[in-house]
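The values are calculated or read from the model by the stated rules, or taken from the named source; none is laboratory data. Bear in mind the structure is a predicted one, so any value in this text is a computation, not a measurement. Cβ: placed from backbone, ideal geometry, glycine included. Neighbour counts: every protein chain shown.
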Amino acid sequence: MTTAPLVRREHERGVTVLTLDSPHNRNALSVRLLDELAAQLAAAAADAGTRAVLLTHTGGTFCAGADLREAGAADGPRRLLDVMRTIAELPKPVVARVRGHARAGGLGLIAACDIAVAGAGATFAFTEARLGLAPAVISLPVLARADPQAVARYFLTGETFGPQEAVGIGLVTAPDEALEPILAGLRAGSPQGLAESKALTTERLRTELAERGAEVTAVTDRLFASAEATEGMRAFLEKREPSWTS
C-alpha cells in the first residue's frame, strides 16, 4: 500500500506550491514531514521552471511545532535547522501562507521564509516555555526577522497573538490579500535577479544559521532531556496542567 505524502507538491505558473498535509497531528514537525519537506525544497531548487516556492497547509493549523510524541528521537532539532537553512539558502524566494494556527517550531518555518502572509484566522504562539523548553533553534530566524523586544514578550509568556500583531512585529510580511500581487511580482523576476536579490536579504540569517546552529541545537537537546521538559510534554499530551503551574 502506498503511503500518502505529508508534503504535497504542485506547480502553478512558475510557482511550486508545497502543502503541509499531515492533519492527524496538525502538521507537526515529525521526522517524516521534515524529510519530505527538505526533499521537495531541493526538487524546487533544481526545477528551472520554478521562480518561487509557496509553502502552505491543509486544515486549520499551519504547523503545531515539534511532534512531541517523537521528542528526543531521530535528530529532530537538527532536521528542523537543516530545513530552515535550506529555505534561507534556496536560490528562489519562499513565501509562507498561514491561514490557521502556528505554534513553536512552525513559527521558525515562517520566519525562515523570505515573505509571509497571514489570513484573518491565523494565530501564533511561542509555547515552548510552558513545556519546560525554549525556542532555541527557531530563535535564529525569528530574531533575524522580527522585533526582538516584542519577541521577548511572546517567548516568555507564550501568549497567543493574531495576524495584525504578527505583521506589526515583523514576523509576517502582509495580510493574505497581498499574496496574489506578491506572486505576480515574483513571476516577473528573472532567475538571476531573484537569486541575487534574495542573497542580499538573507545574508545575516544564513550567517547565524551556519555559525550558531550547533549551539542552539545543543541547547534544545539539553532541554528535551531535562526533567522539567519531560513533565511539561507529558502534561501537554495528558491535557493537564504541569506541576509547576501556580
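Can you name the residue in the stretch 27-73 that is under 27 Å from Arg187 (Cβ atoms) and among the β-branched types (Val, Ile, Thr) and, of all such residues, is surrounded by the most Cβ atoms within 10 Å (Cβ to Cβ)?
Taking the candidates together, the pick is Val53.
Every residue, every condition in (1) closer than 25 Å to Glu238 by Cα; (2) crowded, with 19+ Cβ neighbours inside 10 Å, yes or no:
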| position | (1), (2) |
| --- | --- |
| Asp75 | yes, no |
| Pro93 | no, yes |
| Val98 | no, yes |
| Gly105 | yes, yes |
| Val137 | no, yes |
| Glu159 | yes, no |
| Pro163 | no, yes |
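Quick check on my filter: what residues within the stretch 107-127 are closer than 21 Å to Phe236 by Cβ, part of a loop (DSSP other than H, G, I, E, B) and not polar (S, T, N, Q)?
Phe126
Can you tell me which of (1) closer than 19 Å to Arg26 by Cβ; (2) part of a loop (DSSP other than H, G, I, E, B) is the one Arg130 doesn't meet?
(2)
Residue by residue, here is whether (1) surrounded by 15 or more Cβ atoms within 10 Å (Cβ to Cβ); (2) of a type outside the set (A, V, I, L, M, F, W, C) holds:
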{"site": "Ala116", "(1), (2)": "yes, no"}
{"site": "Ala134", "(1), (2)": "yes, no"}
{"site": "Val142", "(1), (2)": "yes, no"}
{"site": "Pro175", "(1), (2)": "yes, yes"}
{"site": "Lys198", "(1), (2)": "yes, yes"}
{"site": "Glu203", "(1), (2)": "no, yes"}
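Residues in the stretch 154-164: is at least one under 19 Å from Leu55 (Cβ atoms), assigned to a helix (DSSP H, G or I) and at pLDDT 95 or above?
yes
For the stretch 48-77, name all the residues that are part of a strand (DSSP E or B), modelled with pLDDT of 95 or more and in contact with a Leu (Cβ under 8 Å, 6 or more places away or on another chain).
Ala52, Val53, Leu54, Leu55, Thr56, His57, Phe62, Cys63, listed by residue number.
Write out, first by first residue and then by second, each pair whose Cβ atoms fall under 8 Å of each other, whose residues are 6+ apart or on separate chains, and whose first residue, in the stretch 15-28, is charged (D, E, K, R) while the second is surrounded by 20 or more Cβ atoms within 10 Å (Cβ to Cβ).
Between residues of the stretch 15-28 that are charged (D, E, K, R) and residues that are surrounded by 20 or more Cβ atoms within 10 Å (Cβ to Cβ), the close pairs are Asp21/Leu6; Asp21/Val7; Asp21/Asn27; Asp21/His57; Arg26/Thr61; Arg26/Cys63; Arg26/Ala64; Arg26/His101.
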